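For reference, the structure discussed in these notes is given below.
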Amino acid sequence: MTMLSPSLIYGLTGLLLFVMGLAGLLGCAELLRKILATNIMASGIFLFLITIAHGSGTLIDPVPQAMVLTGIVVSVSSTAVALALACHVQEAARRHDLLQKKRGTVRR
Amino acid sequence: MTIVELIGTGCVVLGIPFFLSGTIGLLRLPDIYTRLHALTKADNVGLGFIVLGLIIQSSSWLEVIKLLLIWFLVLMASATSCHLVADAALRKKIKPWTREK
Amino acid sequence: MNTFYVSLALILLLSVAAGLLRILRGPTAADRMMAAQLFGTCGVAILLLLARGFDALIVEDVALVFALLAALSTVAFVRRAWTGKITPKGRRHDHR
Amino acid sequence: MVVNAFDICLCLTLAWLAWQVLRSHDLFKAVVLFISFGMLMALSWVRLQAPDLALAEAAIGSGLTGALFLSALQRVTGNKRGERRLDRNEERHDKRA
């Protein structure tokens, strides 16, 4: 078995995660799954950045690590905002359906 | 390899089968309550053996206290969450599995 | 680097990967959540073994944070997603 | 050698988890898979020698995000419909056992 370098393995995984997340973001219908896909995409980007910092030499570059640390925190807060927005969208859609059903003009 | 390292490594190795049995129990046992039973073996005894083995080999008091704190926290977390899950399952009237049916 | 401890961590990682089947297959929601909780504990054990294997003591702090937050998602699951709100009197009534 | 096997196993599990999160029918299953995905990400940060990121991911990624998603899931799917779906699954399980 040939030895693969860790930066190659993790970098390829990061790219794969990014592509999967992008496909899920574009292809899935539910809002919650879109948010999940965005999170996976962000994880792929973080993995790739850290791999770049790790693989350039024997010394580990601290700047990408600081950027990724900021990015993790930012992605959590943006996820929270997106989830709140998704809840509001769902409630509004349900209320609209209810209103139309009461008027008797529901289209199926 | 000194005798202390040997005993510590033996304790760590002894903890691994408990984790494996937790996973196998989670896969093979028939209902929620029995799976909870398999889960707690891995939490308590398996992690307990690993922590014990690492404590035997550790050199500083700070590390010993940290390891004990980790074990204690996992014990509290598993007890709390298993009690909550079993309680909620009983409230939802999920029947425990019996052999004769 | 201590290869023996890393191989023990590899065994635990393989058992985690086997336990993923229960998440995929589990009939009730609680089965899936319990598998996730087992992963939390296995993660703590893997982190401890890696800390010993790579001689990096700071990894034990990561394990400490893991252990601290292990119960959070399960408690959120039981109180929010699985049952309705449970009142202190013990009677259950659903949200909204 | 063993470290290499550990890396490959971790990466394969990560990719498989992401795939299952995106293609599973049940949203609750996707959320639980995502929680375990965050946990494995923390392991991979440890392997890439970034323990500060592992600390942040353990605190935020697997703890906070999971709770956020679970409570949002309950509000989005609607309590009535979600309860009924879960109960039907449990009845089916009872019948089979």
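The values are calculated or read from the model by the stated rules, or taken from the named source; none is laboratory data. Predicted, not measured: the structure shown is a model, and the values here were computed from it. With ideal geometry, Cβ positions are generated from the backbone for all residues, glycine too; neighbour counts draw on all protein chains shown. We work out accessible area using only protein heavy atoms, side chains counted, and drop any ligands, DNA or RNA first. Shrake-Rupley method; radii C 1.70, N 1.55, O 1.52, S 1.80 Å.
Here are some notes:
- Out of A:L25, A:L4, A:L32, sole residue that is open to solvent by 30 Å² or more (accessible area, probe 1.4 Å) and closer than 21 Å to D:V32 by Cβ: A:L25
- Residues (more than 15 Å from C:S73 (Cβ to Cβ), surrounded by 24 or more Cβ atoms within 10 Å (Cβ to Cβ) and at the interface with chain D (Cβ under 8 Å from one of its Cβ atoms)) located in the stretch C:14-49: C:V16, C:I46, C:L47
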